[in-house]
């Protein structure tokens with residue numbers, strides 16, 4: 001799993017996080033393919049915590065206006081790309097049957113476009129103990 005906006009699966013994950021609450025309000029269950037996401041709004045940043053269950057393997061904070069990504073936790077997650085792909089497909093199929101595809105697709109189309117440059121920070125204290133990472137800025 002690459003926690004970087006140059007990775008399409010990661011950008012699709014951020015798009016899913018952005019529309020997650022709206023999907024629940026529309027009675028579309030995005031957890032049906034095993035992805036669980038919580039979002040928390042922290043001033044200019046949005047914190048996304050995600051995992052295949054109740055324990056988040058990925059916690060990032062994203063500021064769209066400054067294009068800054070903070071990686072707080074990034075544990076090994078085999079099948080991350082497949083989980084994101086299956087979730088996007090399930091969400092799109094359900095949105096299509098409910099007549100909401102025009103509300104969902106723009107988020108995914110935007111996620112698939114080339115990203116603008118970002119600033120990335122990895123917080124060492126919160127990274128998985130199996131793979132220590134030195135804090136760095138990109």
Item to check | Helical contribution to [θ] at 222 nm, DSSP H n ≥ 4, -39,500 (n - 2.57), averaged over the chain, rounded to 500 | outcome: -11500 deg cm²/dmol
Next on the checklist: I'd like the antiparallel share, as a percent to the nearest 5, of DSSP beta bridges with both residues in the chain.
Outcome noted: 85
Item to check | Rg/Rh (Cα only; Kirkwood hydrodynamic radius) as it applies to the chain | outcome: 0.96
Checklist entry - Measuring from label point to label point, each 7 Å out along Cα→Cβ, what is the residue 41 to residue 68 span in nm? => result 1.9
Item to check | Surface/4 of the Cα convex hull for region 12-72, nm² | outcome: 4.3
Checklist entry - Out of 31, 46, 97, any idea which swings most in a Gaussian network model of the chain, alpha carbons joined below 10 Å? => result 97
Item to check | Label point distance in nm, residue 110-residue 25, each placed 7 Å from Cα along Cα→Cβ | outcome: 1.5
Item to check | Between 0 and 90°, nearest 10: helix 101-112 axis offset from the chain longest Cα axis | outcome: 30
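Each value in this text was obtained by applying a stated rule to the coordinates, not by laboratory testing. These numbers were taken from a predicted model, which means no experiment stands behind them. Here the Cβ is made from the backbone with ideal geometry for all residues, glycine too, and neighbour counts use every protein chain on show.
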